């Protein structure tokens, strides 16, 4: 498997709006990913309300996961890994603002959404499951800013990290009945405070 420093596995897609989606594979070694997965597995998860479903469907739908305060992000250690500078190149001087851990149970209503409305905000998606078959589905879909055109579909690949402009509408898809486990994802947002 290629490693950063040998041959980086990086794919970039530009949307019709000029937004960027960058995919990194094989950025983190398996033993590190296993420790990170264990940390998630041992963490406390809570059920929360999916507010977008309240607005769009006038009903409450629970989601399983956690909003991570800064110390949780720091403890997890993605940004301390030796290959994080490759990700930081995409983030530039943007600073961490928030992180979510989402665990899909199959009962969620996934809706297209933007992580942030600032043009300078960037998001990351990290796929922490150690095993995932693409036949199990669970992709991430991206649309154009106006929501009319599908721009890109990213398969759930264990250890994959995606950096994209936070303003791009995106959503998860459910895993199918063949998936033996839960679809997990870490989503973080980075941006620069706009000067007033």
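The values are calculated or read from the model by the stated rules, or taken from the named source; none is laboratory data. Values in this document were obtained by computation on a predicted structure and should not be read as measured data. Note that we place each Cβ from the backbone using ideal geometry, even for glycine, and neighbour counts take in every protein chain shown.
Within region 117-128, can you find the residues that are within 15 Å of the chain's Cα centre (by Cα), in a loop (DSSP other than H, G, I, E, B) and within 24 Å of residue 151 (Cβ to Cβ)? Working first, answer last.
Here is the first cut: in region 117-128, the ones within 15 Å of the chain's Cα centre (by Cα) are 121-128.
From what is left, the residues that are in a loop (DSSP other than H, G, I, E, B) are 121, 127-128.
Once the filter is applied, which keeps residues that are within 15 Å of the chain's Cα centre (by Cα), in a loop (DSSP other than H, G, I, E, B) and within 24 Å of residue 151 (Cβ to Cβ), region 117-128 yields 121, 127.
Restricting the search to region 93-106, which residues are in a loop (DSSP other than H, G, I, E, B) and farther than 22 Å from residue 169 by Cβ? Break it down into steps so the answer makes sense when it comes.
If we filter region 93-106 for residues that are in a loop (DSSP other than H, G, I, E, B), which is where we start, we get 93-94, 105-106.
93, 105, 106, listed by residue number.
Out of the residues in region 23-48 that are in a helix (DSSP H, G or I) and touching a helix residue (DSSP H, G or I) at 6+ places or on another chain (Cβ under 8 Å), state the one that is surrounded by the most Cβ atoms within 10 Å (Cβ to Cβ).
We begin by selecting, within region 23-48, every residue in a helix (DSSP H, G or I); these are 30-41.
Applying the additional criterion that residues be touching a helix residue (DSSP H, G or I) at 6+ places or on another chain (Cβ under 8 Å) yields 36, 39.
On the way: 36: 20, 39: 14.
The residue in question is 36.
Kindly provide the set of residues from region 154-163 that are part of a loop (DSSP other than H, G, I, E, B) and surrounded by 22 or more Cβ atoms within 10 Å (Cβ to Cβ), ordered by number. First the steps, then the outcome.
Of the residues in region 154-163, the ones part of a loop (DSSP other than H, G, I, E, B) are 155-160.
Answer for region 154-163, where residues must be part of a loop (DSSP other than H, G, I, E, B) and surrounded by 22 or more Cβ atoms within 10 Å (Cβ to Cβ): 156, 159, 160.
Any idea which residue in region 118-130 is surrounded by the most Cβ atoms within 10 Å (Cβ to Cβ), counting only those that are closer than 26 Å to residue 76 by Cβ and at pLDDT below 95?
Going residue by residue through region 118-130, those that are closer than 26 Å to residue 76 by Cβ are 118, 120-130.
Right, trim to at pLDDT below 95 and you get 118, 120.
Numbers: 118: 18, 120: 16.
Among those residues, the one meeting the criterion is 118.
This table checks each residue for (1) modelled with pLDDT of 95 or more; (2) out of contact with any strand residue (DSSP E or B) (no Cβ under 7 Å at 6 or more places or on another chain); (3) part of a strand (DSSP E or B).
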| residue | (1), (2), (3) |
| --- | --- |
| 85 | yes, yes, no |
| 115 | no, no, no |
| 132 | yes, yes, no |
| 141 | yes, no, yes |
| 152 | yes, no, yes |
